[in-house]
Every structure is written in structure tokens, then in C-alpha cells.
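Participant: After the C-alpha cells below, expect a handful of questions from me.
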2 protein chains.
Amino acid sequence: MARIAVIGAGAVGGYYGGRLALAGHDVRFLVRSDYAAWKARGLRVFSKDGDFTLPDVQAFRDPAELGTADWVICALKATAIDEAADLIAPCAGPETRIAALMNGLGNEQRLAERFPARRIFGAMAFVCINRGEPGVIHHLEYGRVSVGHLEDDPAETALLAELFRGAGIETVIAPNLRYARWEKLCWNVPFNGLSVAGGGIGTRTILEDRELRAFAEGAMREVVRAGNADLAAAGSEARLDEEDVVRRMFAQTEAMADYRTSMVIDLVLGRPLEAEAILGNPVRRARELAVQVPRMEALYALVRHADLARRGERRLLTPEDLRLPESVV
Amino acid sequence: MARIAVIGAGAVGGYYGGRLALAGHDVRFLVRSDYAAWKARGLRVFSKDGDFTLPDVQAFRDPAELGTADWVICALKATAIDEAADLIAPCAGPETRIAALMNGLGNEQRLAERFPARRIFGAMAFVCINRGEPGVIHHLEYGRVSVGHLEDDPAETALLAELFRGAGIETVIAPNLRYARWEKLCWNVPFNGLSVAGGGIGTRTILEDRELRAFAEGAMREVVRAGNADLAAAGSEARLDEEDVVRRMFAQTEAMADYRTSMVIDLVLGRPLEAEAILGNPVRRARELAVQVPRMEALYALVRHADLARRGERRLLTPEDLRLPESVV
């Protein structure tokens, strides 16, 4: 059994960390906002694959209390990437492996500025999961994790896959980490992007509006092309199959209820948006590779703007703004 | 002096109709919502080119009361195009000329379903103008009108130019009507579109945000290309000069204060958006001509969505929607 530090105990960290703990691992969670609830009532997971409770969950408020781990699962929001290394460092010894279970492009590269690349992994969760009240997680649909290693060492990747599979988590080994990241972006860019650019909408509104749906599909095709250009530039022979990706991802989304993306939940609750990880970094990579991605750029511009508005750095017009001053004549 | 019927006495109809009345024409206005104020206090225009008041303005509530006119200036919102012909018909005799002083593409063609094409004109106002309290109009900047004739007869176009010029209105005769319509769209598509897609923003927010500005410029270039393809398809030799359009329109917009487009004002006040005239019709024309316009399509999808949301045909998510049901366990 491994000693595992879960950094960031939101819905994703809580759910997957909970599954690992249920499988008998020594899992220690860094829990900040909901610490009191976790200590008082443990971690409760309502899952379509079976509910479970961890009454004596190991929750800590300071990463120094977690101790050195065999594995660090970093499940922070990508908006916290700047502080991730500082939170991970107290748990990281020379042998510690670190998996970024985060959205977007560039997280592993950022961690590699502080930790050795051969110890860094990426994991992508294809899951519908939401936080309920403090200490409660609702796992609604799916649950598969796709894993890769920053240096694409198959033996290393297998270790992470084994860890997840041993806890009953469906795990896919991606052809390589870059492939896996872009594949996940194929869904996140159009659906997270449009859910926010549309002012707060679920997936059904996108699927059922002919213009929004065409926009989503066009954006998904751009992600495939940018991803394939990035794979080619990196010397990989793996390629995303454009028609297969579009068919598969739309079919999966059709099969869901009116799903609210993590980004639209952040928007509605006034939390930071993962605009740079999900949209900005892929757009910048596409620009470097001279791939035309006008729909991705449109989504990036609008989501970035929504995040700036949320932070109060710009104001949206209200009826008050339209009252012209009374003339003095 | 001509007898002129102004159908639709909003900011544009009131301002230009007012200038024509001030020049001595027999101008009769169809005034619906603000009728009482117009009768009580006349029409008051605060203009950067000189304020004026028409205390005895001829305002009517029913188009049948206006009588047959030499000219009909149709200054309705483009969202009212379906009812335009019915409102114009009582004022239209066999010799009546009809000018659509409206935004967007396709208005003249719609009017030509009911009136002879040789009697139909288009006019585009490049003006910053807002309604104040009922019966009051604020003319803030610019004021130029570009005119064309549906059959592009130069002698006919000259008549409309003469009418406006005689009232002190700066008037440009476009190479042809199609050219003039697309030229105006070069500004309206990016700026009206983004002002709404951005959730309610003025022109300065677009100009000062690097991503929104790049999106606006990209969309403007798409409008130029679609317009030029449309001109070529119609056998016209006139072309919009892409670099000149971009340079000129951004320079003009830089020179303005934080201008609120007519479409963002409609959004904020909950009024119908001119989504089809300004975005939908140009997008459909570009698609017919197989011109790639992903940014125009993005704006159309989002503005159309905003209009459907305004009409209550879809709902934007609120924090209430994100409260999961308490578990019964």
C-alpha cells in the first residue's frame, strides 16, 4: 500500500483520493476550505458506482503535516498552478512521484520547473462530479482516468495506471501525455468555453441550438488540428482522428443529462475560471505552430474577459449606465 | 419641398427626420411609444452640430393618418422588418420612393417583395445617437449618411443624396447599395456583436483587451471578404479594401468615447436584438458563397443565443441551479 498525498481536495481530489483510501492506501488530504466538515463528519461520496463514507479520513490544513509521500496527486484547480509547487514540496522526497490530475495544457511543464521531469505524471479525469455541502461529493457519471508520464516512459506510466486500477478506477494509458492532454481539450475547449461564453449554460443548450452546436463542433476540430500539429512537432507519431473524436465526444455528450461544466460552475459561483489552462495555453501553442484556430481564439477572448469581469477589472453595462445626463438647457 | 413620412421615430428616425423638417420639408412622423411626449413638448434634439426643437412636430399614431408621401424614410429597427411593409403601405402611392434607413443586410430585398424595386433605396447612418427621455434625442458624434438605390440607378441615388444634403446632412453616394451595406457591416458585425457577446460592454473594452481586439479585427476582415465575394457574385467591380477598412474603422473607433452600440443598448434594456439583420443574414450569404467566416458565425451564435435568452426561450444558470438535492440517506 502506498502513502498518497492529495493536494487540493475539491470534487476531483476528494473523489479519486477517496477511492484510493477505500482501497486501503494511506491517503492524506490537504483540505483547506472544508477542513472542519471533513474532521467532523468524514468524507461522504454519493457515487453512481456505489456510495461510500470515510469517517476517519486523514485531513490536514498544512502540507507540512502530510509527510513525505510515495505519490502526490495534485488535484488543484489549474488557476492555482502558481502555488502548486509550494504546496507539493513538503510532501516530495527524492523518490516521490507527482501526478497532475488537473485540467488544461502546461501543468506538468510548470511542475517540472521545480521537480524532476521523470517523476512527473499527468492524469485526466473524464467524469461528471460536483461538490455538495462541505465534505460531500456527488459522482454523477463516467469516472475514467487517462494517464501519461511527462517523459513518456511506459514503465512509469504503468505504475500510475496500476495505482488507479487497484482502486477500481477505470484507467486508460494514453499513447503519450501530449496526446492525452489534447484529447481531453477536444471536449473542454468547446463545452467549457461555450458554457461560459454563453453566459452560463449547460451542455443541452449547446447541443440543441444549431448555431452553438456548429460552433462547438468547429472548435473541436480546431483542437484536433492544433493537437496533431503539436504531436508532430514533438516527433510523436500518435494522431487524434478528427472524425472519430467529433463523433465520439458528441455521442458521449448527447448521452449525458444537461451537464454543467466545471467552468460554468466556477462562473456562476464567482470563482476563478481556468481560462489560461483550458484555452489560453492551447491557443498560444496553436499560434506558435501557425495553426488557424479562430473559434478557440474567440472562446479564449470571451472567457478571459468573463474572468476579468468577475475579478472586477472591468464592468458590464447596466440600465443605469444608459441614462444620459439631463440637459442643463 | 417634399412630403416625407418617417416610419419609426426612434433616435435615428427622429434625428434625421428632424433635420429634414428643420430644412422646411413637410415631415410627418409615425410615433408610437412616445406619442404623448411629442405632442406635448415637440421634438427636442441636442446635437453636437447645434441643438434644435420642433415644437409643432407632426406626430401620428396610425400610418393611415400620414397621407401619401413623396419619400418614406423607414427607420424601424431591423427586428421589425416583418411589419415594415404594412406600416409603409398607407403612405406609399405609385410615385413614392422608400428608403430603408436601417441596420443590416436584406432590408431592401424584403421591401421589394411588396413595393417596386426601382422605388427602393437604402441609407446607412454612421452616427452616434441615443434616445433620452421621450421626445428627446442626443446626437453625440458623426452623422454621415451613405446612400444607395436597390437597382443602383445613379440618377435615383442622386435624388436621395440631394434630399439629405439639402438638410445639411453629410451624404456619401456609395459605389452601389451592396457595397454600402457591407461597408457598414464591417463595423457593426465586430463591434455590435462583441458588445453583446461580451455580456454588455462598450467599444473601449473591446479596443483595450488584446484578445477581444484581435477577435474584432479578425471578424472585420471576414466581413470584407464575404462582402467582396458578394460584390463579385453580383457582377460588381467595386471592392472593399481590407487594409483600408481595418485602419479606418479602428481609427474612428479609437477616436470615440466608450461608445455603446445600438445592440448593447438593446441588450441592456431587454429589447429585441438585430441578430438576423446584422449577423444572421451576412453569415448565411457568406455560407452560400462558401466564404469561411468562423468569427462571424461565433458572434451570430452567441448574439442569437442572447436574444433567445432575453425572450425567455432559454435560461441562464444561477447559483440556485447548482444546489444539488440533499441526499435522502
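FYI, it's all coordinate maths here, none of it is from the lab. Here the structure is a predicted model, which is why all the values come from computation and not from measurement. Methodologically, a virtual Cβ is constructed for each residue, glycine included, from the backbone with ideal geometry; neighbour enumeration extends over all protein chains shown.
Participant: Between copies, how far apart are the A:D56 label points? List them in nm, one decimal, shortest first, with each point 7 Å from Cα toward Cβ, please?
Facilitator: In nanometres, ordered from closest: 9.7.
Participant: Label A:E162 and A:R248 with points 7 Å out from Cα along Cα→Cβ: what is the distance between them in nm?
Facilitator: Label-label distance for A:E162 and A:R248, simple model: 2.6 nm.
Participant: Just to verify a number: FRET efficiency for B:A36 and A:E320, C-beta to C-beta distance, R0 = 35 Å, to 0.05? Intermediate results must be reported in sequence, preceding the final value.
Facilitator: Numbers: r = 25 Å, r/R0 = 0.71.
E(calc), rounded to 0.05, equals 0.90.
Participant: Of the residues B:A161, B:A233, B:A85, which exhibits the maximal mean-square fluctuation in a Gaussian network model of chain B defined by a 10 Å Cα contact cut-off?
Facilitator: B:A233
Participant: Related question: Given H placed 1.01 Å from N in the peptide plane, which residues other than close sequence neighbours of B:V172 have an amide H under 5 Å from its amide H?
Facilitator: Counting only residues 5 or more places away or on other chains, the set is B:V145, B:S146, B:V147.
Participant: Fewest Cβ neighbours within 10 Å first, please rank B:I169, A:I265 accordingly.
Facilitator: Numbers: B:I169 22, A:I265 19.
Ordered from fewest to most neighbouring Cβ atoms within 10 Å, B:I169, A:I265 come out as A:I265, B:I169.
Participant: I need the GluC sites (Glu not before Pro) found in region B:193-248, filtered to DSSP loop residues with at most 13 other beta carbons within 10 Å of theirs.
Facilitator: Numbers: sites: B:E208, B:E211, B:E217, B:E222, B:E237, B:E242, B:E243; in loops: B:E237.
Sparse-neighbourhood loop GluC sites (Glu not before Pro): B:E237.
Participant: Return the sequence-ordered ³J(HN,Hα) values of region B:118-134 in whole Hz as given by the Karplus equation 6.51 cos²θ - 1.76 cosθ + 1.60 applied to θ = phi - 60°, using x for Gly and Pro.
Facilitator: In residue order, the calculated couplings are 5, 9, 10, 10, x, 9, 10, 9, 9, 7, 9, 8, 9, 7, x, 5, x Hz.
Participant: Which percent, to the nearest 5, of DSSP beta bridges fully inside region A:1-67 are antiparallel? Each step should come with its number before you reach the end.
Facilitator: Working: 3 of 11 bridges.
Once the DSSP bridges in region A:1-67 are tallied, antiparallel ones form about 25 percent.
Participant: Enumerate by residue number the trypsin sites (Lys or Arg not before Pro) in region B:78-174 meeting two conditions: DSSP loop (anything except H, G, I, E, B), and at most 14 other Cβ atoms within 10 Å of the site's Cβ.
Facilitator: B:R114
Participant: Follow-up. Straight-line reach from A:K77: which lysines fall under 22 Å, measuring Cα to Cα and dropping same-chain residues less than 8 apart?
Facilitator: Those lysines meeting the cut-off are A:K184.
Participant: For region A:142-147, take each phi angle, set θ = phi - 60°, evaluate the Karplus expression 6.51 cos²θ - 1.76 cosθ + 1.60, and give the result in whole Hz per residue in order, putting x for glycine and proline.
Facilitator: Residue by residue, region A:142-147 yields 6, x, 5, 10, 10, 10 Hz.
Participant: Compare B:G168, B:G135, B:G17 in a GNM of chain B, Cα atoms joined below 10 Å, and give the one with the largest fluctuation.
Facilitator: Maximum among the listed residues: B:G168.
Participant: Mean-square fluctuation check for chain A, GNM, Cα pairs under 10 Å: which of A:K184, A:K39, A:K48 is largest?
Facilitator: Between A:K184, A:K39, A:K48, it is A:K48 that shows the largest mean-square fluctuation.
Participant: Calculate, in whole percent, how much of the Cα-Cα pair population of region A:179-310 lies beyond 26 Å. Could you put the intermediate results ahead of the total?
Facilitator: Details: 1487 of 8646 pairs.
Roughly 17 percent, once rounded to a whole number.
Participant: To check you understand DSSP bridge types, tell me what percent of the beta bridges within region B:3-174 (both residues inside) are antiparallel, rounded to 5. Kindly include the intermediate steps, with their values, before the conclusion.
Facilitator: Working: 14 of 42 bridges.
So the antiparallel bridges amount to about 35 percent of the total.
Participant: Then there's this: Using every alpha carbon pair in region B:90-215, what percent of pairs falls into each 5 Å bin from 0 up to the bin containing the largest distance?
Facilitator: Going out from 0 Å in 5 Å bins, region B:90-215 shows 2, 10, 17, 18, 17, 15, 11, 6, 3, 1, 0 percent.
Participant: On to the next question. Across 10 Å bins from the origin, how do the percents of Cα pairs in the protein assembly as shown run, short distances first?
Facilitator: 3, 15, 22, 20, 14, 11, 8, 5, 1, 0
Participant: Hey, for B:L159 with labels 7 Å out along Cα-Cβ, what do the inter-copy distances come to in nm, ordered shortest first?
Facilitator: 8.7
Participant: Under 17 Å Cα to Cα from B:K39, which aspartates and glutamates show up? Leave out anything in the same chain fewer than 8 places away.
Facilitator: Cα-Cα hits under 17 Å: B:D26, B:D56, B:D62, B:E65, B:E133.
Participant: Once you have the alpha carbon radius of gyration of chain A, what is it after dividing by 2.2 N^0.38 Å, with N set to its residue count?
Facilitator: 1.03
Participant: Can you give me the C-alpha center-to-center distance between region B:111-140 and region A:99-173, rounded to a whole angstrom?
Facilitator: Taking the Cα centre of each part, region B:111-140 and region A:99-173 sit 59 Å apart.
Participant: Using modelled backbone amide H atoms (1.01 Å from N, in-plane), which distant-in-sequence or interchain residues come within less than 5 Å of B:V57's amide H?
Facilitator: Answer set, sorted by chain and number: B:L43.
Participant: With each pseudo-label sitting 7 Å past Cα toward Cβ, what's the A:M1-B:E65 distance in nm, one decimal?
Facilitator: 8.8 nm
Participant: Turning to a different aspect of this structure: Which helices, taking whole DSSP H runs in chain B, have alpha carbons extending 18 angstrom or more along the helix axis plus mean Kyte-Doolittle at least -0.5?
Facilitator: Values: long enough: B:210-233 (35 Å, -0.13); B:242-255 (20 Å, -0.75); B:294-310 (24 Å, -0.11).
Once both thresholds are applied, what remains is B:210-233, B:294-310.
Participant: Right, something else. Roughly how many Å is it from the Cα centre of region A:32-55 to that of region A:246-306, as a whole number?
Facilitator: 30 Å
Participant: How far is it, in nm, from the label point at B:E83 to the one at B:E313 when both lie 7 Å from their Cα along the line to the Cβ?
Facilitator: Placing both labels 7 Å beyond Cα along the Cβ direction yields 1.8 nm.
Participant: Please turn the phi angles of region B:23-34 into ³J(HN,Hα) values with the Karplus equation 6.51 cos²θ - 1.76 cosθ + 1.60 (θ = phi - 60°), one per residue in order, whole Hz, x for glycine and proline.
Facilitator: 7, x, 6, 8, 9, 10, 9, 8, 10, 9, 5, 9
Participant: Can you give the % of DSSP beta bridges in chain B that are antiparallel, to the nearest 5?
Facilitator: Values: 14 of 42 bridges.
That works out to approximately 35 percent antiparallel.
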